[in-house]
Amino acid sequence: MHNNPKEHTVTLIIGSSGQLGSELASTLLKERPDKILICCDLHQGPAPDGAIFETLDVLDQSKLEDMIRRHGVQEIYHLAAMLSAKGEQNPAMAWRLNMEGLLNVLELSVKYGVGRVFWPSSIAAFGPGTPRDLVPQWPVMDPRTVYGISKLSGELWCQYYVQRFGLDVRSLRYPGIISWRTPPGGGTTDYAVEIFHEALRCGAYTSFLQAHTRLPMMYIDDAVRATLELMQADGERLSVRTSYNITAMSFTPLELAEAIQRRLPHFQIDYRVDFRQAIADTWPAVIDDQVARDDWGWNHHFDLSALVDEMLTNLAAIRERQR
Ligand code: SER
């Protein structure tokens with residue numbers, strides 16, 4: 001156990017090397033110096049200075065228990081998961097990682113009195129029975145991927161732990177998250193990150209989704225801020241204990257390509273659709289996140305134009321440094 005003056009919250013990020021975990025870790029260290037931050041993942045990623053890193057497979061319940069006990073963990077962000085496209089290649093493993101991982105975290109959080117837990121759900125929890133446009137907070141949910149099934153089930157488990165054990169679990173249904181520091185791994189929305197790398201590398205991109213496939217998306221800074229704001233919100237105000245709809249924008253591959261062309265006029269896109277199209281076809285195009293806006297003041301900062309500027313500027317700067 002750390003020599004922890006009472007005002008320091010001990011925070012554990014599980015999945016800290018991933019797209020969201022790595023950015024959440026650096027933001028927490030920058031903005032909340034009152035936290036002791038423990039980062040864990042299967043492999044060490046770019047863990048920021050000032051965080052403690054330990055390797056962990058979240059399926060290893062006894063190692064996770066030892067970490068929570070040894071560090072006196074008070075708050076957990078559990079982000080380790082297998083995403084939609086990768087999950088379809090290995091459904092049994094995706095189910096095991098996504099469900100057993102979550103149940104391990106929930107069970108140990110109750111056992112050790114962890115004060116607050118964050119767990120991400122996704123637009124993948126929706127399905128063909130969900131309205132495609134302006135999905136309300138409580139629609140029909142009939143996910144068709146194993147990832148989506150694990151997210152819908154996980155949402156219900158989170159709510160169950162809130163109601164049955166009083167555990168303070170909070171969750172967001174993330175749209176596709178777009179970032180430049182750490183790549184996403186194995187999702188259907190990954191095209192919207194790859195396209196920027198390829199635009200700068202060779203001026204062309206072959207999309208695995210059709211030109212007109214509209215999906216909800218969000219820039220990483222908004223996703224991190226949403227997560228931290230939800231975790232700080234007054235619990236009394238939270239009317240949703242499954243998972244909140246949140247969104248920032250919706251666009252198609254063609255619209256994204258056109259936005260890139262406005263900055264890089266020679267950029268070209270073409271299309272070679274693969275199995276990920278069938279996944280995207282079951283997801284909604286536009287999300288209604290009014291409940292999150294009303295309950296805890298959610299508001300996005302980045303629209304499509306700001307997103308494209310951020311991505312191109314930051315990735316171009318990295319390329320320049322690597323020369
Ligand atoms: N970005 C995720 C995926 O594509 C959706 O949650 O799988």
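The values are calculated or read from the model by the stated rules, or taken from the named source; none is laboratory data. Treat the numbers as computed from the prediction; the structure is a model and nothing was measured. Note: ideal-geometry Cβ built from the backbone for every residue, glycine included; neighbour counts use all protein chains shown. Heads up: the accessible areas ignore ligands, DNA and RNA and are worked out on the full protein's heavy atoms, side chains in. Shrake-Rupley method; radii C 1.70, N 1.55, O 1.52, S 1.80 Å.
Between 0 and 90 degrees, the angle of helix 61-71 with respect to the longest Cα principal axis of the chain falls at about 70 degrees. Test of understanding: extend the Cα→C-beta vector of His301 to 7 Å, then name every residue of the stretch 199-242 with backbone N under 14 Å from that spot. Backbone N within reach: 219-229. Translational diffusion of the stretch 16-159, estimated by Stokes-Einstein from the Kirkwood radius over alpha carbon pairs at 25 °C in a medium of 0.890 mPa s, is 151 µm² per second.
Taking the longest Cα principal axis of the chain as reference, the axis of helix 220-232 is set at about 30 degrees. When you restrict to C-alpha pairs under 8 Å that are six or more residues apart and normalise by the size of the stretch 79-153, the relative contact order lands at 37 percent. Just in the stretch 39-142: which chymotrypsin sites (Phe, Trp or Tyr not before Pro) are loop by DSSP and have at most 16 other Cβ atoms within 10 Å? Taking the stretch 39-142 and a limit of 16 other Cβ atoms within 10 Å, the loop chymotrypsin sites (Phe, Trp or Tyr not before Pro) found are Tyr112.
May I ask for the angle, rounded to the nearest 10°, between helix 146-165 and the longest principal axis of the chain, with both axes built from Cα atoms and the value confined to 0 to 90°? It works out to around 30 degrees. Inverting the pair-averaged 1/r between distinct Cα atoms of the chain gives 20.1 Å as its Kirkwood hydrodynamic radius. A P(r) calculated from all alpha carbon pairs of the stretch 201-293, with 5 Å bins opening at zero, reads 3, 11, 17, 17, 16, 13, 9, 7, 4, 2, 0 percent. Among the trypsin sites (Lys or Arg not before Pro) in the stretch 176-284, those located in a DSSP loop and surrounded by at most 11 other Cβ atoms within 10 Å of their own Cβ are Arg272. The equivalent ellipsoid that matches the C-alpha gyration tensor of the stretch 99-219 spans semi-axes of 32, 18, 11 angstrom, in descending order. Protein heavy-atom surface of the stretch 40-170, 1.4 angstrom probe: 53% of the accessible area is carbon and sulfur, with nucleic acids and ligands not counted.
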